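Shown next, in structure tokens, is the structure this report addresses.
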Amino acid sequence: MPSVYNWQLGREMSYPHEERHPKWQFAFVFNLNRCIGCQTCTMSCKSTWTFSKGEELMWWNNVESKPYGGYPQNWDAKLLDMLEKVNPGAQVWDAQETDPRKKPYGTFDGLTIFEAAEKHPSAEGPQQALGYLPTDDEWRSPNIHEDTPTGDHFTKDMQFGGSVQLPEHKVWFFHLARICNHCTYPGCLGSCPRNAIYKRPEDGVVLIDQSRCRGYRKCVEGCPYKKAMYRPTTRTSEKCIACFPRVEGKDELVSPTGAPAETRCMSACVGKIRMQGLVEIDDNGEWVPAPKSPLYYLIRERQIALPLYPQFGTEPNGFYIPARWVPRNYLIQMFGPGVEHAIDQYSCPDRVPLGVMQLFRAQRQILFRYEIDSGEKVAEVEVTMPDGTSKTQEIFNDTVIGYNKLDEEVVRITVEEPTFERPAEIHVNSI
Ligand code: SF4
Ligand code: SF4
């Protein structure tokens, strides 16, 4: 297999195709501290794209309660287990040496899904990526184990009050919202024997050409996130298309001037956990430095948002601010060695990240640039840090301004939410 550079792993890795990169890359940040599991995103996607015959079990966007939930069931535990069996005790990171551009989280010393398949061919014949085909039963219950907690101290005589105190809750769960990660090195694309899957050069969106697909389901097997799905009525596979007409600025209602807009699931998010963007990529596949891009700032500049299971090796372009009450070992397995740093940053953000985080779900057009106008200090708050110590956070009422791709101002928001006092007169609803 050719060798490609994966910045999330901090090293070269094998991939079935030569290294090629789009000019811009679809990417997103989800803040897991804010997801309430309302499934509005799930339904906004379903009612837009997968409401037809044969798509009944297809949820391009899903939200699962971790650690027990999963769609398909146990998708991540199963693949982690397969990788561990291929490379016992060696699926580890070396986080000693880091470099913000080439290896921000250190180096992954284990095997990716591509390397595991190469080194250990399966009994059924060669695979391009280590994976498996979920059973029909595993696809059947997208929201199984909803809101089911876990914890070592979950006994009948437990003290409920004491179980939910930072820095880590003793009894915990969290909602993990997921869509296709429009990976840089997609497992679905690498596994397709028909070359029916492609990555668009203009925005990195990964699509399945329905006229080429013959329904072999190798993409379903090879996507580690299980975001390629089979449709029995057409005998083809389908997947999230990143609402590409919106990303192209073709939705006149949302983008009257033709600027790119966020997807339906992003726009609908009630918990304001989501921010989508397009990040610029250079010819070597590196993110062009853009500290004034909200996404670049959160992911690359401050490393507050981390990739989901980077060790799988597909270089996913979905990034998550980890839920700060969850035991660290679980989070490190899911997001890599950057977890402590990310939670530290998020727990007590200084002025710029606090300002940038106001932009989540503040506008449906994609924000390419932000500016911050300084405001007055309005509060001091005591914060419990991840190591259990206490820190004072100063809060300033800064104004954050967001610009679209055409550099038009499309949002202006203050850190302190404005409040309005109702006049003391009699209203229709007054008693
Ligand atoms: S998440 Fe899965 S379906 Fe989406 S691009 Fe990556 S490998 Fe392909
Ligand atoms: S709409 Fe937002 S808050 Fe609701 S489940 Fe989806 S990601 Fe979570």
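The values are calculated or read from the model by the stated rules, or taken from the named source; none is laboratory data. Quantities reported herein were computed from a predicted structural model and do not represent experimental measurements. Positions of Cβ are generated from backbone atoms using ideal geometry, with glycine treated the same way; all protein chains shown enter the neighbour counts. These area figures cover heavy atoms from the full protein model, side chains too; ligands, DNA and RNA do not enter into them. Shrake-Rupley method; radii C 1.70, N 1.55, O 1.52, S 1.80 Å.
Observations
- Carbon and sulfur %, accessible surface of segment 204-295 computed with the full protein complex present, 1.4 Å: 51
- Rg and Dmax, both from the Cα atoms of the chain and both in Å, are 22.0, 78.
- Loop-located trypsin sites (Lys or Arg not before Pro) in segment 186-245 (DSSP state not H, G, I, E or B) with no more than 15 neighbouring Cβ atoms inside 10 Å: R194, R212, R214, R235.
- Taking all protein chains into account, the per residue accessible area for the chain stands at 45 Å² (1.4 Å probe).
- Among the listed pairs K199/K405; K170/K377; K102/K405, those whose Cα-Cα separation exceeds 31 Å are K170/K377.
- Rounded percent of accessible protein surface that carbon and sulfur make up, segment 311-431, 1.4 Å probe: 47
- Among the chymotrypsin sites (Phe, Trp or Tyr not before Pro) within segment 361-431, those in coil by DSSP and having at most 11 neighbouring Cβ atoms inside 10 Å are F420.
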